[in-house]
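Asks: What follows is a single structure, and I will ask about it in a moment.
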Amino acid sequence: MGIENQEENSTYTVDEALVKMGFGKFQACVLAYAGMGLISEAMEMMLLSFVGPAVQSLWGLSSKQESLITTAVFVGMLVGTYSWGIMSDNYGRRKGFLVTAVVTSAAGFLSAFAPNYYFLIIFRCLVGLGLGGGPVLSSWFLEFIPAPNRGVWMVIFSAFWSVGTVLEAALAWLVMPRQGWRWLLVLSSLPSLFLLLFYRVTPESPRYLCLKGRTAEARLILEKIAKINGTPLPSGDLVSDGERELETRCLIIASLDEDNTTPKGMEEEEDSTPKAKETENEHATPEWTESNMGGISALLVLLSPELIRSTLLLWVVFFGNAFSYYGLVLLTTELNNGHNNCADKLQSEKPQDIDYKDVFITSFAEFPGLLLSAAIVDKLGRKLSMSAMFFCCCAFLLPLLFQQSEGLTTGLLFGARICISGSFTIVYIYAPEIYPTSVRTTGVGVASAIGRIGGMACPLVAVALVHGCHQTAAIVLFEIVIFLSAIATLLFPLETTGRELIDSVASSKLVMH
């Protein structure tokens, strides 16, 4: 026991350092920076509810052409989430979100000067490409948070999305009637620009640096965190999780060898060196190969026997969340407008005023969704919390199988959006926790990309079906997608509440067993 305690005190991991230092001023600054990125993403996504109808009447677009504006953004995000995730896992979190901020701010600003429909589609697709870097920022923030209260802080981080949606709804309400959609696009691109202004002071993730073998750089960042937070670092040398697991296994083997005194024990002792080498290869080899993977190799790791179940189920949940969330945003105005269009097929400017109000009101549903998530995510666990949110969302949408009054429709959509925003918040906590550091942003990025496919499909349901007077069919489809997502969350192989982050696939194999 004395040898074991001495060994434990001589080294420490990033997780152990973060737990000892706690959440302090340093993490608050990281939260503010990552949160600004989330506000930017929310604003760029929410403005689609206003720009589409505006350019439809200006350029005489069909409903399918209007839907294509939203779809173009999701196409860009589909490519971006996969590309930036791989880039971040190979070249660092900072470089990942630097490129995304440049692309988002530039393309968002240029969108305001689009001379026609086709240029607008191109620029919005480029905006989506930049917005695909959202998972990079969330993974970066996650890797600075102590494990015991990670769930609550990730919910607080998600609150910045809600701030962005409400801010965009208020901005549209003020700007659109007076200045038009071009000014809305200009103002909505500013948060991405703020990311570039403060980029130089952002630190790299110490977990990423440890994975790459750059422990000296990682220690400097941890020392900076300790200084700013006013807390000490653990004593000893910084090691990666793989090195810690190797040390632990070698200690166990050594202690077993000391206890074996029979000839049979001597035979086992002769085999202990090869076993130790196998153990070393088991951890060391994957860590080095995983940390320098290309796109196809990273995807194959996500579909490896250790991760395939989690990966496929995560894709289902991300698809269902994105399809439902963005669908509910569009349904907020389309259901009421659908009633009018089904009656006489006439369009006027008056319903657009109601649209601003309805979207603004339902945007506030994000906040009770966040509060509910914060209250249950660590108590009930990630899996049960997500499934409960999905089932409640189904219950809120059920009465909309039939046309309701405008007030009741808005109220039901408000409740449904509370639930779906809550489940979306929790899945963005669960996804980075379930993947090792070596493929964390790639895994979350690919899952988010699958979600973008749901985002591309939802305008065809929320806009096209309702415009075609098929409200019941649209709601039935939403119910099916949400219900299947709820079942998928219950089938996840493990619960991650309070669990330390892992670095390699080999480590995840040990956790699974």
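Asks: Would you pick out the residues in the range 41-73 that are surrounded by 22 or more Cβ atoms within 10 Å (Cβ to Cβ) and not in a helix (DSSP H, G or I)?
Replies: LEU47
Asks: Scan the range 91-106 and tell me whether some residue there is farther than 25 Å from PRO432 by Cα and assigned to a helix (DSSP H, G or I).
Replies: Step one: list which residues in the range 91-106 are farther than 25 Å from PRO432 by Cα, which gives 105-106.
This time we only want the ones that are assigned to a helix (DSSP H, G or I), so: 105-106.
Yes: one or more hits.
Asks: Quick one: is ALA506 modelled with pLDDT under 80, buried (at least 19 other Cβ atoms within 10 Å of the Cβ) and of a type outside the set (Val, Ile, Thr)? Outline the logic, then answer.
Replies: Details: modelled with pLDDT under 80: yes; buried (at least 19 other Cβ atoms within 10 Å of the Cβ): yes; of a type outside the set (Val, Ile, Thr): yes.
Criteria met by ALA506.
Asks: From the list THR442, THR437, exactly one residue is hydroxyl-bearing (Ser, Thr, Tyr) and touching a Lys or Arg at 6+ places or on another chain (Cβ under 6 Å). Which is it?
Replies: After applying the criteria, what remains is THR437.
Asks: I've got another one for you. If LEU465 satisfies all but one of (1) under 20 Å from PHE141 (Cα atoms); (2) without any contact (Cβ under 8 Å) to a residue 24 or more places away in the chain, what's the number of the condition it fails?
Replies: That leaves (1) as the condition not met.
Asks: Sticking with this one: Please enumerate the residues belonging to the range 371-418 that are closer than 24 Å to VAL163 by Cα, open to solvent by 10 Å² or more (accessible area, probe 1.4 Å) and under 17 Å from the mean Cα position of the chain (by Cα).
Replies: Matches in the range 371-418: ALA374 only.
Asks: Let me confirm something: among GLY35, GLY85, GLY24, which residue is in contact (Cβ under 8 Å) with a residue 40 or more places away in the chain and either touching a strand residue (DSSP E or B) at 6+ places or on another chain (Cβ under 7 Å) or surrounded by fewer than 20 Cβ atoms within 10 Å (Cβ to Cβ) (or both)?
Replies: On the way: GLY35 fails: either touching a strand residue (DSSP E or B) at 6+ places or on another chain (Cβ under 7 Å) or surrounded by fewer than 20 Cβ atoms within 10 Å (Cβ to Cβ) (or both); GLY85 fails: either touching a strand residue (DSSP E or B) at 6+ places or on another chain (Cβ under 7 Å) or surrounded by fewer than 20 Cβ atoms within 10 Å (Cβ to Cβ) (or both).
Checking each option against the conditions leaves just GLY24.
Asks: Another question, if that's okay. Give me the residue from the range 1-40 that is hydroxyl-bearing (Ser, Thr, Tyr) and part of a helix (DSSP H, G or I) and, out of that set, modelled with the lowest pLDDT. Steps first, please.
Replies: The initial filter retains those residues of the range 1-40 that are hydroxyl-bearing (Ser, Thr, Tyr), namely 10-13, 33, 40.
Cutting the leftovers down to part of a helix (DSSP H, G or I) gives us 10, 33, 40.
Numbers: SER10: 80, TYR33: 91, SER40: 88.
Checking each candidate, the answer is SER10.
The values are calculated or read from the model by the stated rules, or taken from the named source; none is laboratory data. Note that this is a predicted model, so its numbers are computed, not measured. Methodologically, a virtual Cβ is constructed for each residue, glycine included, from the backbone with ideal geometry; neighbour enumeration extends over all protein chains shown. Calculation scope for accessible area: heavy atoms of the full protein, side chains included, ligands and nucleic acids excluded. Shrake-Rupley method; radii C 1.70, N 1.55, O 1.52, S 1.80 Å.
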